[in-house]
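The block underneath contains the structure these notes are about, expressed in structure tokens.
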Amino acid sequence: MERILILDFGGQYNQLIARRVRECHVYCEVHPYTMPLEEIRSFSPIGIIFTGGPNSVYEAGSPQVDPAIFELGIPVLGICYGCQLLAQVLGGQVTPAQEDSAREYGKTVTWYDRSCPIFQGLPEKSVSWMSHGDYMARVPAGFRLTAHSAACAHVAIADEVRRFYGVQFHPEVSHTEYGTRMLHNFLYEVCGARGTWSMADYKNTAIGQIREQVGQGRVLLALSGGVDSSVCAALLAEAIGDQLTCVFVDHGLMRLNEGNEVEAAFAKWSMNFVRVDAEERFLTKLADESDPERKRKIIGEEFIRVFEEEAKKIGTVDYLAQGTIYPDVIESGAGAAAVIKSHHNVGGLPDYVDFKEIIEPLRLLFKDEVRQLGRELGLPEYLVSRQPFPGPGLAIRIIGAVTKEKADTLRQADFIFRDEIARAGEARNLNQYFAVLTDTRSVGVMGDGRTYDHTLALRAVTTDDFMTADWARIPYEVLDQVSVRIVNEVKGINRIVYDITSKPPATVEWE
Ligand code: XMP
């Protein structure tokens, strides 16, 4: 299989590079820049991309590569820090950019030399996204300059003989016009890719591998109903049928009809599907608890207990399957982030039952590829394209103590919100949207009578990665329609507010 190696120097866009490469139908993996030369050789990439990074190549202790990497005969594309590193290691010189000269941030008009394979087929000038404070003062021998901006003559370099290329800007971000085209050019014109990465092929290969690995063994999967675990279940069901048991723990904090939808989606496979109705158990454990972190912990723990009990009923299990996906796996060059919330999903199951091994058939896929695979496997669109839903479910969308009555109220209101968004055709503009039942009550008037009911908050965001998010500008008419319907149709709610905070400083969920 043709593949690209992406060496990570700690840049914030490294995953984006990988996604762009895969969108060009070429398989790639991201590895830390410390990957030993021997491993690089045995990975046998058709090309290597060096990512950006926060350091300066001339600083002591900055990330480096073994210069022998340039002796492998493999094409290299350096992006930002990666470009400066390539220049320095091959004999050029990188210095801090002087004030007003070559330091550049943001959208920058750039002129390209279109005789360079990377810029083939592009207009003569377009916008690129810069973010660098260093400057390639001297270009290494054998290289020529292939792009410039008004402030900087040294924006891109190329050694076409050895097939080494470098760009100071970030072709992977959408602000760089024609950025994907440049990456495509690197893959196809420089590395000679043919574009063999397709989901149909991946599905067949993965099914073969699962069958080989599992043999006659038994596999257990904790199914949450989220996209990842659902696609994982479908893939395993296709591969090994009734050797698979899926345990779907319904904690009673799912959205309206969600449990039934998940169950229905798997009816076509002959796997063993166990649905555990654990609503009462969870609500009892949660009774009177209003601290968000405690609620999360209680649900996470109880989930494991229920799953454990079910697993014991099933008997000996050889493999535990998990829907881990690639962004969870990538070992980044950057440091670990502070914990804002203890996210819970079914991936964190402990070693409670006897099983030989863990299998993670989605561990090389990005989220959009997981969705594509789900479609390929014939899962219904409502399941495959569903927005993220947190493991603790509605418990963290009910502010304060959770009760069944509140959960039912929120389920109805949330359903109306989603329904109106769908009717208005707004879903494609939003990455996540839901309702939150606050613990604020206020006075209202309905008919001729006074009411003293709950305030419901609507939340809708747009985001690329959920690390940051902007509140969505849903048209007022749609919000109005949602508000009118909820207040009229859902008992216990007499006021609706719309959350207009972005992340940061807020988070997507309220708890
Ligand atoms: P926050 O609220 O942290 O949410 O800005 C970012 C994204 O993560 C989802 N989320 C969770 N997902 N288990 C999950 O699997 C969790 O415990 C959890 N908490 C938040 C949230 O819905 C949003 O998409």
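Note down the nm distance, to one decimal, between modelled labels 7 Å out along Cα→Cβ at residue 268 and at residue 464.
Here the modelled spin labels are 3.5 nm apart.
Return the calculated 222 nm mean residue ellipticity for the chain, to the nearest 500 deg cm²/dmol, obtained by summing -39500 (n - 2.57) across DSSP H runs with n ≥ 4 and dividing by the residue count.
-9000 deg cm²/dmol
Please tell me the relative contact order of the chain in percent, rounded to the nearest whole number, where contacts are Cα pairs under 8 Å and at least six residues apart.
Relative contact order, the chain: 11 percent.
Compute the Cα gyration tensor for the range 101-142, then decide on rounded, prolate or oblate, letting a ≥ b ≥ c be the square roots of its eigenvalues: rounded whenever a/c is under 1.5, prolate when a/b is larger than b/c in the other cases, and oblate in all that remain.
It comes out oblate by the Cα gyration axes.
Over 26 Å, how big is the tail of the calculated P(r) for the range 96-210, in percent of all Cα pairs?
Summing the P(r) of the range 96-210 above 26 Å gives 28 percent of all pairs.
Among bridges DSSP assigns within the chain, what percent are antiparallel (round to 5)?
Percent antiparallel among DSSP bridges in the chain is about 50.
With every protein chain kept in place and ligands, DNA and RNA left out, what is the accessible area per residue of the chain? Probe 1.4 Å, answer in Å².
Here the residues of the chain average 44 Å² of exposed surface.
Between the range 143-175 and the range 415-442, what is the separation of their alpha carbon centroids in Å?
Between the Cα centre of the range 143-175 and that of the range 415-442, the gap is 45 Å.
In whole angstrom, note down how far apart the Cα centers of the range 448-487 and the range 255-280 are.
If you average the Cα positions of each part, the centres end up 29 Å apart.
What whole-number value in cubic angstrom gives the convex hull volume per residue for the C-alpha atoms of the range 456-511?
Normalising the Cα hull of the range 456-511 by residue number yields 85 Å³.
Starting from the Cα of residue 356, step 7 Å along the direction of its Cβ; do the same at residue 473; then give the gap between the two resulting points in nm.
According to this spin-label approximation, the distance is 5.8 nm.
At a 1.4 Å probe radius, carbon and sulfur cover how many percent of the accessible area of the chain?
48
Name the trypsin sites (Lys or Arg not before Pro) in the range 109-148 that are in a loop by DSSP and that have at most 15 other C-beta atoms within 10 Å, would you?
Passing sites in the range 109-148 are 114.
Output the relative contact order of the range 85-206, whole-number percent, from Cα pairs under 8 angstrom with separation of 6+ residues.
For the range 85-206, the relative contact order is 25 percent.
Which FRET efficiency value, to the nearest 0.05, do you get for residue 56 and residue 450 by plugging their Cβ-Cβ distance into 1/(1 + (r/R0)^6) with R0 = 60 Å?
The calculated FRET efficiency here is 0.35.
What aspartates and glutamates could a cross-link reach from residue 125, if we take a straight Cα to Cα line under 12 Å and drop same-chain neighbours fewer than 8 places away?
113, 177
Which entries in 268/295; 297/356; 297/367; 313/491; 203/404; 356/503 show an alpha-carbon gap greater than 31 Å?
Where the Cα-Cα span goes over 31 Å, the pairs concerned are 268/295; 313/491; 203/404; 356/503.
Rounded, prolate or oblate, given the Cα gyration tensor of the range 169-300, with a/c below 1.5 counting as rounded?
It comes out oblate by the Cα gyration axes.
Taking Cα pairs under 8 Å and at least six residues apart, what relative contact order does the range 388-462 come out at, in percent?
30
Can you list which of the GluC sites (Glu not before Pro) found in the range 1-31 are DSSP loop residues with at most 12 other C-beta atoms within 10 Å?
Hits after loop and neighbour filter: nothing returned.
For the peptides 362-373, 476-487, what is the packing order when you average, over each peptide's residues, the other Cβ atoms within 10 Å and list the highest mean first?
362-373, 476-487
Run the simple label-point estimate for residue 419 and residue 439 please: 7 Å along Cα→C-beta, distance reported in nm.
3.0
What is the calculated FRET efficiency for residue 497 to residue 41, with r their C-beta to C-beta distance and R₀ = 60 Å, to the nearest 0.05?
It comes out at approximately 0.55.
Average projected area of the Cα convex hull of the chain, in nm²?
Mean projected area of the Cα convex hull: 26.8 nm².
The values are calculated or read from the model by the stated rules, or taken from the named source; none is laboratory data. Quantities reported herein were computed from a predicted structural model and do not represent experimental measurements. As a convention, Cβ positions derive from the backbone with ideal geometry for all residues, glycine included, and neighbour counts pool all protein chains shown. SASA here: full protein model, heavy atoms, side chains in, ligands and nucleic acids out. Shrake-Rupley method; radii C 1.70, N 1.55, O 1.52, S 1.80 Å.
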